[in-house]
1. Any chance region 171-179 includes a residue that's in a helix (DSSP H, G or I) and not acidic (Asp, Glu)?
2. Quick check: is even one residue across region 149-156 open to solvent by 50 Å² or more (accessible area, probe 1.4 Å), outside any helix (DSSP H, G or I) and small (Gly, Ala, Ser)?
3. Within region 61-101, take every residue that is open to solvent by 10 Å² or more (accessible area, probe 1.4 Å) and of a type in the set (Gly, Ala, Ser) and give me the one that is nearest to GLN45 (Cα to Cα).
4. Can you name the residue in region 324-359 that is among the polar types (S, T, N, Q) and within 17 Å of ALA290 (Cβ to Cβ) and is also surrounded by the fewest Cβ atoms within 10 Å (Cβ to Cβ) among such residues?
5. Please verify whether LEU314 is among the aliphatic types (A, V, I, L, M), open to solvent by less than 40 Å² (accessible area, probe 1.4 Å), modelled with pLDDT of 80 or more and within 30 Å of ARG99 (Cβ to Cβ), treating the condition exactly as stated.
6. Of VAL304, VAL291, VAL321, VAL308, which residue is farther than 18 Å from SER109 by Cβ, open to solvent by less than 50 Å² (accessible area, probe 1.4 Å) and either in contact (Cβ under 8 Å) with a residue 40 or more places away in the chain or under 24 Å from the mean Cα position of the chain (by Cα) (or both)?
7. Given the criteria surrounded by 13 or more Cβ atoms within 10 Å (Cβ to Cβ) and at pLDDT 90 or above, does PHE260 qualify?
8. Answer with yes or no whether ALA57 is without any contact (Cβ under 8 Å) to a residue 60 or more places away in the chain, under 28 Å from GLY213 (Cα atoms) and open to solvent by 10 Å² or more (accessible area, probe 1.4 Å).
Amino acid sequence: MTPLPPPLGQWAAGTPLEPAAAWSWRRPPAAWLEVLGSGGRGVPQRAAILHDLGWAALLSGDVAAAAGQFEEGMGLVRAQRAARPWRGRLLVGLATVDRVQGAFEASLSRAREALGGQLEDAAAFGAHLTLATTTRMMGDALVSVRHHYAALRYAPPDARADVQALLDLVHPGSGRPDEGTLSPGVQLRLALQDAESVLRAGLGAGLLPDVTGFPFEVLDESRSVPHVRAALGWPDPAVTPDAARLVTRGRLGVQRGLTFVPMRGEGRSLALLAYLIERGSAPWPLVADAVLGEGTPGALYGQVRYHVSRLRSLLGDSGAVRLRGGRLSLGPQWAWSTDLREAGPCLLDGPLDWLEDET
């Protein structure tokens with residue numbers, strides 16, 4: 001499967017965990033629940049548990065629950081230095097959630113972000129394999145091949161055959177390993193793609209694979225096998241999530257599709273975002289005057305660039321906020337809204353005088 005799931009239950013040597021077969025993301029081992037409820041103690045373990053629970057939910061086909069677990073883990077990474085070693089792996093999980101929803105550009109952005117900074121091999125492997133799979137589904141075979149080879153460099157020994165088989169999908173003739181050496185999830189992906197090729201060529205239905213027990217693989221591959229999808233009677237994939245809402249009542253952050261991105265402590269960045277949502281595209285000096293206060297033009301421009309970069313990073317989309325030709329604007333791929341005009345206490349502590357003046 002792509003990327004391969006983590007070794008569930010093996011993230012912390014010596015931790016008294018129940019056997020992996022005895023739990024699910026809905027019913028974690030008692031030892032995990034104890035760590036999750038420990039408050040400030042065991043920060044790295046809490047990040048690891050949220051990562052594993054996210055993957056367990058995703059493998060079961062519950063995309064929204066997976067997004068919630070990964071986002072909670074990223075919130076821990078942002079707040080606690082001890083959790084930062086898990087940043088890359090959690091971003092890979094969120095990139096996979098984006099891909100399953102059809103948000104390919106957001107998936108690429110998060111996976112590239114996961115490659116930033118110092119990475120352990122497991123995170124680098126996951127990020128490159130995510131980039132390889134997403135670009136394959138986008139039809140960019142050349143870039144996909146490059147990331148498959150990069151994933152092979154970081155792959156653990158028991159995953160190399162799977163990666164090689166997936167590489168053969170986009171680079172036929174590179175060598176497909178014996179089926180017996182592949183994981184069941186990758187075998188299913190290959191079977192789906194082989195059936196798609198037969199159906200596309202008009203050679204009849206042939207033998208369609210049994211997809212029972214593989215909800216994640218079905219969700220992930222369904223967009224790339226339209227003929228198989230029609231033959232098996234699968235519903236069309238959900239439309240790419242295109243709604244993004246700035247939430248300031250009850251909790252602070254951005255709801256993007258199924259994913260909520262918490263953004264506490266990002267007051268001025270969110271004030272800039274709120275301005276663009278409410279008033280639309282504007283020259284950057286006008287936005288800076290409204291939300292950043294006084295300063296030299298050079299200093300204010302530097303702050304605007306910082307907040308734009310910060311919002312892109314937090315939203316996982318390099319095109320979410322644009323600064324071109326001296327104007328700030330929002331990416332057209334999202335339908336933006338806010339709850340700023342609704343009743344209730346507003347948690348956004350950034351400058352909002354411009355909104356009050358407008359009212």
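1. no
2. no
3. ALA82
4. Here the answer is THR359.
5. Taking the combined requirement at face value, the residue does not satisfy it.
6. The conditions single out VAL291.
7. No, not satisfied.
8. Criteria not met by ALA57.
The values are calculated or read from the model by the stated rules, or taken from the named source; none is laboratory data. Keep in mind the model is a prediction, meaning the values are calculated, not measured. Here the Cβ is made from the backbone with ideal geometry for all residues, glycine too, and neighbour counts use every protein chain on show. For accessibility, only protein heavy atoms count, side chains too; no ligands or nucleic acids. Shrake-Rupley method; radii C 1.70, N 1.55, O 1.52, S 1.80 Å.
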